[in-house]
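To start, the structure itself, in structure tokens.
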Amino acid sequence: MIPSSAPASPPAFRFKAPREPLLWAAVAYSCGIIAGVYLWRPVLWWVVAAVGFVGAAAYFSRRRSHLGWAIAMGAFFFAGALHIQIQGPSVVDTSIERYADRQELHIVAHVTRDGRIQQAGFNEIKQTVDIETEQVETATGQGQAIHSGVRLGIYGPRQNAAIASENLDANVPGFVGASMPALHYGDRIRLWCKLRVPRNFRNPGAFDYQGYLADRGIAALGSAKIENVELLPGFSGGRFAQWRSRLHRSVVAKVNELWAPRDAALIDAMLIGEDAFLDRDTRVDFQRSGTYHVLVVSGMNVTILSFVVFWTLRRLRMSDIPATLLTVAFCVVYAFATDVGAPVWRATLMCAIYLGTRLLYRDRAMLNALAAAAMGLLVFDPRQLFTASFQMTFICVLIVAAIGIPMLQRTSQLQKRALMNWDSNDYAALLPPRVAQFRVELQLMAEFAPRRHFFWEPGNWSSSQPYCS
């Protein structure tokens with residue numbers, strides 16, 4: 001007769017501090033980017049140093065692991081410096097600047113971003129549109145083919161005559177009587193306008209408007225009257241971007257159809273970043289209340305979307321891999337439709353990398369996942385390190401991951417461990433003293449307290465219910 005084996009005891013609880021190798025790699029890579037910007041050296045020097053440190057790290061990885069780890073961090077440092085110097089500064093075609101002297105110019109261009117119609121003054125409207133010039137001709141007849149970005153303001157009177165219902169302007173709050181047709185992505189136009197070079201105010205801490213425009217490929221500002229703008233036949237641009245523009249316009253039109261004008265303006269700004277319909281009073285009210293960030297599409301929107309989608313899919317009992325893929329797909333489509341720019345795409349990339357690394361680390365090293373997201377962004381564009389939004393994003397998330405999560409692991413997560421293996425009488429001996437005391441006290445409370453004081457059913461608390469009566 002074979003004796004029955006005794007049931008195996010639960011494994012002893014061991015608290016292990018998480019390791020964050022990618023965090024230190026991201027820090028070393030960032031320091032290398034900073035060194036590459038402010039300490040210029042020939043590219044060959046960085047290449048030789050990076051290759052040498054990689055070889056040394058591989059040699060010492062099995063002999064002296066700590067020394068190999070330190071040398072590997074040096075390799076990441078030199079790789080960051082090499083990357084920033086190879087990439088060089090972002091180049092914007094500024095050929096148009098020599099014509100930006102506020103003189104009349106005859107320009108043929110195509111629209112690169114849909115026009116936004118706003119109230120400009122008393123009985124006047126303004127349409128702001130980004131264009132790329134194709135041909136520039138002065139009043140004296142001198143012409144040249146120039147491909148530069150221009151942010152154009154088109155001014156016209158506001159009339160009371162109704163416009164066609166199929167025009168998007170019919171759905172724009174407050175502009176039902178506008179006489180200016182909306183320009184869309186890919187439209188080719190011919191116009192007379194005046195150009196000027198954007199400039200910054202020299203006040204300390206003033207907004208870098210010139211750099212803001214340069215990041216969007218804008219080299220000059222222009223103004224024109226609606227009667228001097230002629231729509232040309234043909235299309236210029238990418239079909240993919242045209243589909244995004246149509247999707248964006250359809251969302252705006254549907255929101256403006258469902259809600260009142262003032263509410264629709266807020267919803268447009270909060271959901272897809274369309275702030276053209278916000279009046280000045282609304283902006284000032286949100287700024288004074290300190291909640292203006294609600295009207296700006298940023299990583300918060302991507303975070304909310306990814307949380308809702310991922311949580312819903314997991315509640316539908318979908319496994320991790322398809323739920324992760326669908327969540328990332330929803331975030332990409334949202335970032336594509338908003339067309340806000342770098343902040344949303346950065347948040348989408350962070351979300352994709354974090355969810356991907358979550359499949360590997362299983363929530364055991366959140367800092368590793370965040371560091372992987374930062375590394376992905378820096379490899380894609382190392383100059384993101386010097387932007388305020390990048391710094392604020394990762395500093396805030398780093399504080400939560402590096403301070404908040406360890407606090408939870410040492411407090412409430414320990415109490416959660418005390419509730420595991422409730423039907424085991426020996427598990428308390430495997431826990432730290434304070435956690436074991438909490439477990440024993442809770443079991444005593446469950447034994448002597450009336451059952452009506454608890455919201456749970458005995459069957460949900462344990463299978464055998466040794467302490468509940």
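The values are calculated or read from the model by the stated rules, or taken from the named source; none is laboratory data. All values reported here derive from a predicted model rather than from experimental measurement. Because the Cβ atoms are built from the backbone with ideal geometry, glycine has one as well, and the counts that use them run over all protein chains shown.
Only one entry in A50, A75, A28 is touching a Leu at 6+ places or on another chain (Cβ under 7 Å) and either surrounded by 14 or more Cβ atoms within 10 Å (Cβ to Cβ) or at negative phi (or both), namely A50.
So that you can scan it fast, the table gives a plain yes or no per residue for (1) among the aliphatic types (A, V, I, L, M); (2) under 15 Å from R116 (Cβ atoms); (3) free of Cβ contacts under 8 Å to residues at least 24 places away in the same chain:
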| site | (1), (2), (3) |
| --- | --- |
| G237 | no, no, no |
| A241 | yes, no, no |
| H248 | no, yes, no |
| L258 | yes, no, yes |
| L278 | yes, yes, yes |
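Screening the range 188-225 for residues that are of a type in the set (F, W, Y) and assigned to a helix (DSSP H, G or I) and picking the one that is modelled with the highest pLDDT gives Y209. Counting only residues that are out of contact with any strand residue (DSSP E or B) (no Cβ under 8 Å at 6 or more places or on another chain) and over 15 Å from V111 (Cα atoms), the range 204-248 holds 12 of them. N228 meets the conditions (1) under 30 Å from the mean Cα position of the chain (by Cα); (2) surrounded by 12 or more Cβ atoms within 10 Å (Cβ to Cβ); (3) of a type in the set (S, T, N, Q); (4) in the same structural domain as R158 (by TED's automatic domain parsing) in every case but one. The failed one is (1). L359 - would you say it is in a helix (DSSP H, G or I), over 30 Å from R216 (Cβ atoms) and either of a type outside the set (A, V, I, L, M, F, W, C) or touching a helix residue (DSSP H, G or I) at 6+ places or on another chain (Cβ under 7 Å) (or both)? Considered against the rule, which asks whether it is in a helix (DSSP H, G or I), over 30 Å from R216 (Cβ atoms) and either of a type outside the set (A, V, I, L, M, F, W, C) or touching a helix residue (DSSP H, G or I) at 6+ places or on another chain (Cβ under 7 Å) (or both), L359 comes out as yes.
All conditions in (1) in contact (Cβ under 8 Å) with a residue 40 or more places away in the chain; (2) in a strand (DSSP E or B) hold for E137, with the sole exception of (1). Taking the range 391-412, which residues are closer than 30 Å to G205 by Cα and in contact with a Pro (Cβ under 9 Å, 6 or more places away or on another chain)? Once the filter is applied, which keeps residues that are closer than 30 Å to G205 by Cα and in contact with a Pro (Cβ under 9 Å, 6 or more places away or on another chain), the range 391-412 yields only T393.
Considering A335, A373, A342, which residue is closer than 30 Å to D130 by Cα and without any contact (Cβ under 8 Å) to a residue 60 or more places away in the chain?
It is A335.
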